[in-house]
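Student: Structure provided below as structure tokens; questions to follow.
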Amino acid sequence: MQIRKLALLLSTLCAAGAALADITVDSIPSQTGPVSSIGIPYARGVAAGMAFTSYVAGKNIKMIPPDDAFAPSTAAKNARKLIEEDPSKPRYLQTVWGFGYVFVPDGNKHSQ
């Protein structure tokens, strides 16, 4: 099931980002911590898929396999490294008091 989701994500990225030289895919399954029993097999499945092929539609796939140790702040930090131009000044993944982490697609300040 997870490999089908990854394949769908990769095909979507290929269709949407035809001008990109490489495709960067980040998966944030916990490799350590209380839910590592889920994250380790997931990461092994992704590694098996990457061993099978590391390109789609002529584009190289670059995997970033960080470990968040089941800590929300570390997971947010890892996601910010991938999606933000300057992770120290987040625009898209914002921390909002009373809500937690909020994804803001247009990069504007989140209003409550």
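Student: Take the residues in the stretch 45-74 that are among the small types (Gly, Ala, Ser) and closer than 24 Å to Pro105 by Cα, then tell me which one is surrounded by the fewest Cβ atoms within 10 Å (Cβ to Cβ).
Tutor: Restricting to residues being among the small types (Gly, Ala, Ser) and closer than 24 Å to Pro105 by Cα, the top hit is Ser73.
Student: Next question. How many residues are over 22 Å from Leu82 (Cα atoms) and either touching a helix residue (DSSP H, G or I) at 6+ places or on another chain (Cβ under 9 Å) or aliphatic (A, V, I, L, M) (or both) when one looks only at the stretch 42-56?
Tutor: Here the count works out to 2.
Student: State which residue is modelled with the highest pLDDT when the search covers only the stretch 72-101 and only residues that are among the aliphatic types (A, V, I, L, M) and under 15 Å from the mean Cα position of the chain (by Cα).
Tutor: By that ranking, first place goes to Leu93.
Student: Restricting the first residue to the stretch 52-71 and requiring it to be assigned by TED's automatic domain parsing to the domain that holds Ser30, which pairs with a second residue that is of a type in the set (Phe, Trp, Tyr) and modelled with pLDDT of 80 or more meet a Cβ separation below 9 Å and a spacing of at least six or different chains?
Tutor: Hits for this filter: Ile61/Tyr55.
Student: Additional query: Please determine whether any residue of the stretch 53-74 is touching a Phe, Trp or Tyr at 6+ places or on another chain (Cβ under 9 Å) and either under 19 Å from Asp22 (Cβ atoms) or assigned to a loop (DSSP other than H, G, I, E, B) (or both).
Tutor: Checking the stretch 53-74: at least one residue is touching a Phe, Trp or Tyr at 6+ places or on another chain (Cβ under 9 Å) and either under 19 Å from Asp22 (Cβ atoms) or assigned to a loop (DSSP other than H, G, I, E, B) (or both).
Student: Assigned to a helix (DSSP H, G or I), surrounded by 15 or more Cβ atoms within 10 Å (Cβ to Cβ), of a type in the set (Lys, Arg) and out of contact with any helix residue (DSSP H, G or I) (no Cβ under 9 Å at 6 or more places or on another chain): which single residue out of Lys77, Lys81 fits that description?
Tutor: Lys77
Student: Quick one: which of Pro105, Pro90 is of a type outside the set (D, E, K, R), assigned to a loop (DSSP other than H, G, I, E, B) and free of Cβ contacts under 8 Å to residues at least 12 places away in the same chain?
Tutor: Of the residues listed, the single one that is of a type outside the set (D, E, K, R), assigned to a loop (DSSP other than H, G, I, E, B) and free of Cβ contacts under 8 Å to residues at least 12 places away in the same chain is Pro90.
Student: Looking at (1) under 30 Å from Asn108 (Cβ atoms); (2) surrounded by 12 or more Cβ atoms within 10 Å (Cβ to Cβ); (3) modelled with pLDDT of 85 or more, can you tell me which one Ile23 breaks?
Tutor: Status for Ile23: all satisfied but (3).
The values are calculated or read from the model by the stated rules, or taken from the named source; none is laboratory data. Quick caveat: nothing in here was measured; it's all calculated off a predicted structure. Quick reminder, even Gly has a Cβ in these numbers, built from the backbone with ideal geometry, and neighbours come from all protein chains shown.
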